[in-house]
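Below is one structure, written out as structure tokens; comments come after it.
The values are calculated or read from the model by the stated rules, or taken from the named source; none is laboratory data. Not measured: the values here are computed from a predicted model. We place every Cβ from the backbone using ideal geometry, glycine too, and count neighbours over all the protein chains shown.
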Amino acid sequence: MTELEAIFKRHAVRNYKDKRIEQDTIDKIKAKIDELNEKGDLHLQFIEDAGNTFNRLLNKAMGLGSAPSVIACVGKKADDLDQRIGYFGEQLVLYAQTLGLNTCWAGTFNKKNLGAAVGDDEKVVIAIAIGYGEHQGNERKSKTADQVSEVAGERPEWFDNGVEMALLAPTAMNQQKFLIRLTEDGKVEFINKGGFYSEVDLGIVKYHFEVGAGRLE
């Protein structure tokens, strides 16, 4: 499965099988995390036993309490930390999908029970539930390309391809509160329109757009 195929196939999964992730798959995930941590100057961590990370009533009602493992999204405090978490964390989410795993970005979780290593100059931004889903998730309603993008002049194909993939990006509460603007000089601008975890969302959207537009180096 390619990364592009993973974008189409991946949906948020909140109910997981009572099945642990195999060690060879864990090793692949950890190797990918090491790569992304270096690229993004982050401290993403795979925690094999999610334990009571998702023990809050809302998590249990959603089914996240069944997630066997969790990825702690940690990094040094900085103005752009949330966006980097979204940008590089989504790469990990898509990689997990290619390995046959399912995931869910989770803003509600018990930080005290997460079990992550967090330095004095770091903070936990968000968590990602990971494991083998009871199902593959469901498609969700989406805004249109015109609702989330603006172009000064004609719309090039690469831009529309990027917007198409951006519309498949997971966002908190499916809010899709972002705008992608193509300026007259060909510059792409990503605008945060507010909302819960909107900076994390914007990082995810940026990565999806780049994959779709074919602009990754």
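Overview of results
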{"item": "Selection count, the range 96-145, where residues are exposed (fewer than 14 other Cβ atoms within 10 Å of the Cβ) and acidic (Asp, Glu)", "result": "3"}
{"item": "Residue selected from the range 9-40 under the condition in contact with a Ser or Thr (Cβ under 7 Å, 6 or more places away or on another chain) and not hydrophobic (A, V, I, L, M, F, W, C), by the criterion surrounded by the most Cβ atoms within 10 Å (Cβ to Cβ)", "result": "Tyr16"}
{"item": "Criterion: at pLDDT 95 or above and either among the charged types (D, E, K, R) or in contact with a Cys (Cβ under 9 Å, 6 or more places away or on another chain) (or both) - qualifying residue of Ile130, Ile71", "result": "Ile130"}
{"item": "Test: residue in the range 124-144 that is farther than 30 Å from Gln23 by Cβ, among the polar types (S, T, N, Q) and assigned to a helix (DSSP H, G or I)", "result": "no"}
{"item": "Out of Asp18, Asp79, sole residue that is closer than 18 Å to Gly203 by Cβ and assigned to a loop (DSSP other than H, G, I, E, B)", "result": "Asp79"}
{"item": "Test: residue in the range 134-148 that is at pLDDT 95 or above, closer than 16 Å to Ile204 by Cα and in contact with a strand residue (DSSP E or B) (Cβ under 7 Å, 6 or more places away or on another chain)", "result": "yes"}
{"item": "Qualifying positions in the range 111-123 - in a loop (DSSP other than H, G, I, E, B) and either free of Cβ contacts under 8 Å to residues at least 24 places away in the same chain or under 9 Å from Thr53 (Cα atoms) (or both)", "result": "Leu114, Gly115, Asp120"}
{"item": "Residue among Ile191, Ile204 that is assigned to a strand (DSSP E or B) and either polar (S, T, N, Q) or not assigned by TED's automatic domain parsing to the domain that holds Gln23 (or both)", "result": "Ile191"}
